[in-house]
Structures are given as structure tokens and as C-alpha cells.
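The block underneath contains the structure these notes are about, expressed in C-alpha cells.
The values are calculated or read from the model by the stated rules, or taken from the named source; none is laboratory data. Since this is a predicted model, take the numbers as computed values, not measurements. No Cβ is skipped: glycine too gets one built from the backbone with ideal geometry, and neighbour counts run over all protein chains shown.
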Amino acid sequence: MANILQPVRGTRDLIGEDAARHFHVVETARRVTGLYGFSEWQTPIFEDTKVFSRTLGETSDVVTKEMYTFEDRGGDSITLRPEGTAGVCRALITNGLTQTLPQKVFYAGPMFRYERPQKGRYRQFHQIGVELLGPATPLADAEVISAGWRILCELGIAKDVVLHINTLGDTESRAAYRTKLVAYFSQYAGELSEESKLRLEKNPLRILDSKDEDDKKLVAGAPQMQDCMTSEAKAFYDTLLNHLTAFGVPHQHNPHIVRGLDYYNHTAFEFVTTALGAQGTVLAGGRYDGLVEQMGGPAVPGVGWAAGIERLSMLISAPPRAQVPVVVIPMGDTEAQALDILNLLRRENIAAEIGYSGNAKKRLERANKSGAAFAVLVGEDLKLKNLASGEQADVTAAQLPALLRA
């Protein structure tokens, strides 16, 4: 037993209830985003490292500490994707789709980050996400957020989640705000955490979402973006909030929701919950109008979000149970007839399985233990047995589909 191989730390198998929850989240998101006109894309799970280092920022924690990067046999630097947006934007460019906008993209799949495994967080984790590429209007932001809200509603967890939303303004607003933040936090540079001291030089907006308790006290008195916004940026944000109200999405303004990279502008938002203990984010995103251009493409506006499937899976109640198969049991030398019945039921979209071995009694015992509601006994006559009550009746093959759907 000592030589049994174990899963790599920070990974896990999706089996049974875990698998059912996972796939319920994905299928719900796939169905809802389809209602909003999104098409599913699948991008590779590994990319040229520059796809992520250039877009996430050379100094970000993801790039400096968390990426799974390696050199392949050809000497190229390859990275397992830590998030989905960069790959979608790369695909937009390399597939020549920047001339056919808008593109409304849904994706689902594994991501990889080297971080300390903890509840709901793994080194191979999974995300669903959407990207709306092309429109630069607040209606696009509202559509993306509304789709996320609808997914949370369909999963039955909206009651436990609150949308926090903020504006990062346009380029002019952001530059003015950055100047004010630097001036404010410079007065307290000696009191800032070491991480925030570094951010003061490179990315002062990131200080606003610091988790350090002393930093939080300073953040409480910091200038707010609203004091620096141009009239155009204010109109964008006000229109977005009106659209969210029209879509029936409850929301609250939170000036501390930020995105630190330069290509983010206007909208930043997070759906947060306290149902997992400490307040946690389950779905988050924003507008990133400069990202496609930064990757070498033309100026293409974009807005999107991503959500962790593991966290969503922990919040949902038990997912719908898969259809329990009807068990077909050959009585004596009737396996050929049993296979005909098996094929008939499956063609009628009725889940059905057959016992592989053992006498009729053993197969019936296993059928009872499996949780199946019915067994079809194939002998000289065809019988349908209710496994809960023990009652059985003679039937014809043609009658079976209607009787099992009743």
C-alpha cells in the first residue's frame, strides 16, 4: 500500500457528488449565456508565456509567484493558463476576428496557479467566464453583469450574494485619481505595509484592496474616484447603473473595488458572499478596453467576468440527480432479447443498463441496491417490476416507454 500513487498537491478528482455539482454549474452557465447570445470557445490550456506576462503585468503576483511556466523541448517558454481572458483575446486576434465584432464568448475549463491549497481553492481549479468584445457602451457592461446574475439566480444562490460595483473612470479620470492617491498615501508611507509601499510606486490603486488591517484604516480616508471623474465617465457609470436596475440586478456602489492594470477602465465589479465564512468573491470582472491592443491587435473594447466553479459548487444545494437507469434483467437464456429491450429504451431517451453477470436472482438484488425504480424482466414473457413495491405486471415492448415515463 505504501507505493500507491497519490494526486499532486492542490489537485483533486471530480467523482460522484463533486462531479455532479461541477457539471451542474457548467451546464447552467452554458444554458444561460446561450440565452444572452454568447458562443462557447475553447482555447488551449497552455500558451506562449508572453500571452500572460504581457497582459497580467510583469510585477503582478500571478506572474511573479503563481504561474506554472516551463521551457518545452524546442526551447520555448510555455505557461499553463492562470486565467481565461488573455487566451480569448489572443484567439480573437490570431483567428482574424477583430473585423467581425461584436464577439460574445463563453468559456469553461481548468486554470492553473501555484498557490497554497485551501478550502475552495486548488492549484488546478476551474472557471466559467464570459467576454464581450467590441462594444464600448455601458449596455455591454450591463449585459455581461446581468448574465452573471442570472446564472447565480438559476443556481439558487443569488440570495447569498451581493453585487459590489465601482467605476475606474476613463483615462483622464484615472490619471487624475492616481495623482491624488499618490499624494495622499505618500503622507503615510511609513505606516503602509511592505506590499503597499511597493504598490505606491507602481500601482497605487491596488492599495485600495489591501487586506492589511493597518492599510485598511488609511484606505478609509483616501480620496475617491468620484472626485476626479470627467463628465463623460460619470455619464457612463450612471447609465450602467440605470441599465442594471432595468435588468433587475440589485447592486451597491463600493469605491474599493479596483483593478490595478492600466488597460482596465470604467467598470469593476464583484459578486461577493458571506455564506462561505469570511466574505469572499464568487464572480468578478470589469472593462478592459486596452487589452487587445496591448496584445498586438487593434483597439477593441472588451468587458467580461470569471467565476470559480469550485466556490459556486460549494454554495449550491444538492444538484438535480441524474436519471436513475431502468435495469434490464435477462431471465434464463434471453440475453439477445434483453439487448433489444436495452436498445429500445435508450433510443427513447430512457436511461437503461443491464446486469453483466450472475443469475437472475443476483442481478435483481443488485438492481434493488442500485436505487433503480424499475426492472424489466426478460423471460418467456416481458414483465415490468416496481422495485419499491415489489409489484410486477406483464407488458409488451411497445408499452414500455410510455409506462416508464408515467
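From the list Gly297, Gly286, Gly304, pick out the single residue that is farther than 30 Å from Arg21 by Cβ, buried (at least 16 other Cβ atoms within 10 Å of the Cβ), in contact (Cβ under 8 Å) with a residue 24 or more places away in the chain and of a type in the set (Gly, Ala, Ser).
Being farther than 30 Å from Arg21 by Cβ, buried (at least 16 other Cβ atoms within 10 Å of the Cβ), in contact (Cβ under 8 Å) with a residue 24 or more places away in the chain and of a type in the set (Gly, Ala, Ser) holds for just one of Gly297, Gly286, Gly304, which is Gly297.
Write out, first by first residue and then by second, each pair whose Cβ atoms fall under 8 Å of each other, whose residues are 6+ apart or on separate chains, and whose first residue, in the stretch 33-49, is assigned by TED's automatic domain parsing to the domain that holds Ser146 and acidic (Asp, Glu) while the second is surrounded by 13 or more Cβ atoms within 10 Å (Cβ to Cβ) and in a loop (DSSP other than H, G, I, E, B).
Close Cβ pairs (under 8 Å, with a partner that is surrounded by 13 or more Cβ atoms within 10 Å (Cβ to Cβ) and in a loop (DSSP other than H, G, I, E, B)) amount to Glu47/Arg81.
Mind listing whichever residues of the stretch 92-140 are surrounded by 20 or more Cβ atoms within 10 Å (Cβ to Cβ) and of a type in the set (S, T, N, Q)?
Hits for the stretch 92-140 are Gln103, Gln127.
Kindly evaluate Thr239 against the criterion of being touching a residue at least 24 places away in the same chain (Cβ under 8 Å), in a helix (DSSP H, G or I), among the hydroxyl-bearing types (Ser, Thr, Tyr) and in the same structural domain as Ser146 (by TED's automatic domain parsing).
Working: touching a residue at least 24 places away in the same chain (Cβ under 8 Å): yes; in a helix (DSSP H, G or I): yes; among the hydroxyl-bearing types (Ser, Thr, Tyr): yes; in the same structural domain as Ser146 (by TED's automatic domain parsing): yes.
Yes, satisfied.
What residue, of Leu291, Leu315, is within 27 Å of Trp149 (Cβ to Cβ), in contact with a Cys (Cβ under 8 Å, 6 or more places away or on another chain) and either modelled with pLDDT under 95 or surrounded by fewer than 22 Cβ atoms within 10 Å (Cβ to Cβ) (or both)?
Leu291
So that you can scan it fast, the table gives a plain yes or no per residue for (1) loosely packed, with under 15 Cβ neighbours inside 10 Å; (2) in contact (Cβ under 8 Å) with a residue 12 or more places away in the chain; (3) under 30 Å from the mean Cα position of the chain (by Cα):
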site	(1), (2), (3)
Glu201	yes, no, no
Pro204	no, yes, yes
Ser210	no, yes, yes
Asp214	yes, yes, no
Ala222	no, yes, no
Ala235	yes, no, no
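Looking only at the stretch 388-402, which residues are in a loop (DSSP other than H, G, I, E, B) and small (Gly, Ala, Ser)?
Residues satisfying the conditions are Ala388, Ser389, Gly390.
Restricting to the stretch 177-205, name every residue that is of a type in the set (Gly, Ala, Ser) and part of a helix (DSSP H, G or I).
Ala183, Ser186, Ala189, Gly190, Ser196
Being farther than 16 Å from Ser210 by Cβ, modelled with pLDDT under 90 and under 22 Å from the mean Cα position of the chain (by Cα) is the filter here; which residues of the stretch 243-262 pass it? Outline the logic, then answer.
The initial filter retains those residues of the stretch 243-262 that are farther than 16 Å from Ser210 by Cβ, namely 243-253, 261-262.
If we keep only those that are modelled with pLDDT under 90 too, we end up with 261-262.
Hit for the stretch 243-262 is Leu261, nothing else.
Please specify each residue of the stretch 1-43 satisfying the condition of being over 30 Å from Leu92 (Cα atoms), of a type in the set (A, V, I, L, M) and buried (at least 16 other Cβ atoms within 10 Å of the Cβ).
Matches in the stretch 1-43: Ala20 only.
Return a yes/no flag: does the stretch 51-68 have any residue that is crowded, with 20+ Cβ neighbours inside 10 Å, closer than 15 Å to Arg123 by Cα and at pLDDT below 95.
For the stretch 51-68, residues crowded, with 20+ Cβ neighbours inside 10 Å, closer than 15 Å to Arg123 by Cα and at pLDDT below 95: present.
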